[in-house]
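Every number in this text was worked out from the coordinates using simple rules, so none of it is lab data. This structure is a prediction, so every number in the text was calculated from the model and none was measured. Note: ideal-geometry Cβ built from the backbone for every residue, glycine included; neighbour counts use all protein chains shown.
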Amino acid sequence: MKYVIRNGILLDGTRDMQPQHGRSVFINGEKIERITDQTAEVPKGYKVIDAQGMYILPGLINMHVHLAGNGKPQKKQRDNAKLVRLLFSNPVSAKAAEVMVAGYAKIELMSGVTTIRTVGGLKDLDTRLRDEIAAGKKAGPRILAANEGISVPGGHMAGSVAIAATSIEEAVDLVRKADRQHVDLIKLMITGGVLDAKEKGVPGEMKMPPEMIRAICDEAHRLGYRTAAHTESTEGVIQALRNGVDSIEHGAAPTEEMIRLFKERKAFLTTTLSPALPYAMFPREVSNASEVEQFNGQVVFDGIRDCAKAAIENDIPVALGNDVGCPWITQYDFWRELVYFKNYTGVSNAYALYTATLNNAVLAGIGDITGSLEEGKCADLILVEENPLEDLQDLRNVRLVMARGRLYDKPTVRRKKIVDEELDKYLQA
Ligand SMILES: [Zn+2]
């Protein structure tokens, strides 16, 4: 299909983006063919889309996604490992899991997210879905997939969206298994998380031995993959960076040594404020968190915020993801992460939008194909009514989505009322 989008205001996704009036975007097949003056003649064969003065911007890129969950608030912690075992114990429920995952990916797309990076999923569902979407068989965002993460017995997500390696040999074998599934990156779980901690002050306890981190990263690099690690304590981040991790997922209270290691390794940080916020800030009768979980949620939230701030101050690249799948984090709310990023680290709206588009694309290794509105790049774009540079909340309602040139007019998502009601209280700093 060929389209021309006219009468819109362009935000191109670059760091210093400014609204560009009077531009037309020509799309031919999957790609942006050219961006011209409004007055340019439209050749035959192009379907004209009137943007009616709306803002045209690159589709968002969510760098930390788990496709196995819908973010529904929970009364109490579930045994996720047991649930996953049950799910894959028979072909009917296994098929249902596949359908569920595809449905969640579609919600990301309908909310304006045209690329996701998955960092812990069920079996090889993420790579399979990635290929089906790429082949045009299903509607969904571009997927960079890690499939199952690598954890240790008793470690983060072990048995649900990660496999526990009991030895270094097993861990290396898991890297090779991921390679056979043609993943895009390798995910490892180095520390615990908020819900893994049974005592106050230890939410990011080391779980994976440094030698195992090293062996996983070495094998991944040998096979041509980059590594992303769940890390939620200062010690965890330092061990991750010392042993070859390429991206720190979440982050923790920064130190000078941590900053130095980030630079030496040329690693980046994926900031995820969304999952910690409910634990840290909601009244406990709303979050259903224990006192220990609330305390640790605050430790993690502060660590992620301070790590992001220190990274920005020190020119360490920062990506954004929202850890969707965690309680309260739905597949359609990535825009909230941009709002938190701006509110809690003090960056501008333009910088938050640049981070969630072009910068995320560059850090994911696909900066040459998506992330900005430029001639020759994929036609991954969205339309919103008001200017997100004035208010990032305008990203909540996306009026049109185009992914690799495929048009989704008037996309809708079914919102959960309770999630909106509670999270909307935290949109101001
Ligand atoms: Zn995660």
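Here are some notes:
- Within straight-line cross-link reach of residue 200, lysines at Cα separation under 27 Å, skipping those fewer than 8 residues along the same chain: 72, 75, 76, 82, 187, 309, 425
- Whether segment 358-412 is rounded, prolate or oblate, judged on the alpha carbon gyration tensor where a/c under 1.5 counts as rounded: oblate
- Rg/Rh for the chain (Cα atoms only, Rh after Kirkwood) is 0.96.
- Applying the Karplus relation 6.51 cos²θ - 1.76 cosθ + 1.60 with θ = phi - 60° to segment 40-52 yields 3J(HN,Hα) values of 4, 5, 9, x, 4, x, 9, 7, 8, 10, 8, 6, 6 Hz, where x marks Gly and Pro.
- Result for the chain in a Gaussian network model with C-alpha springs under 10 Å: among 114, 270, 345, the largest mean-square fluctuation is at 345.
- Qualifying trypsin sites (Lys or Arg not before Pro) in segment 2-101, DSSP loop, other Cβ atoms within 10 Å at most 15: 15, 44, 75, 76, 78
- Near residue 355: Cβ cut-off under 12 Å, other residues only, Lys/Arg at +1 and Asp/Glu at -1. The net charge is +1.
- Theoretical ellipticity at 222 nm over the chain - DSSP helices of four or more residues, -39500 (n - 2.57) apiece, nearest 500: -10000 deg cm²/dmol
- Take the convex hull of the alpha carbons in segment 1-109; its mean projected area over all directions comes to 11.0 nm².
- Each residue of segment 7-16 was assigned a 3J(HN,Hα) from its phi angle through the Karplus curve 6.51 cos²θ - 1.76 cosθ + 1.60 (θ = phi - 60°); the sequence is 6, x, 10, 8, 10, 8, x, 7, 4, 9 Hz, with glycine and proline shown as x.
- Residues whose amide H comes within less than 5 Å of that of residue 113, counting only those at least five positions distant or on another chain, are 60 (H built at 1.01 Å from N in the peptide plane).
- Cα centroid separation, segment 388-428 to segment 87-138 (Å): 21
- Between 321, 346, 120, the Gaussian network model of the chain with springs among Cα atoms under 10 angstrom shows the greatest mean-square fluctuation at 346.
- Counted charge near residue 405, where neighbours are those whose Cβ lies closer than 13 Å (Asp, Glu -1; Lys, Arg +1): +4
- Of 261, 144, 273, the one that fluctuates the most in a GNM where the chain has Cα springs shorter than 10 Å: 261
- Taking amide H as placed 1.01 Å from N in the peptide plane, the amide H of residue 325 sits under 5 Å from that of 71, each at least 5 places away or on another chain.
- Whole-angstrom gap from segment 301-367 to segment 1-72, using each part's C-alpha centre: 22
- Residues with amide H under 5 Å from that of residue 231, placed H, sequence gap 5 or more: 249, 251
- Cα-centred dipole magnitude for the chain, charges only on beta-carbon of K, R (+1) and D, E (-1), debye, nearest 20: 1300
- Where both bridge residues fall in the chain, DSSP classifies roughly 45% of the beta bridges as antiparallel.
- Residue-by-residue Karplus 3J(HN,Hα) for segment 407-417, coefficients 6.51, -1.76, 1.60, Hz, glycine and proline x: 8, 10, 7, 6, x, 10, 10, 8, 8, 8, 4
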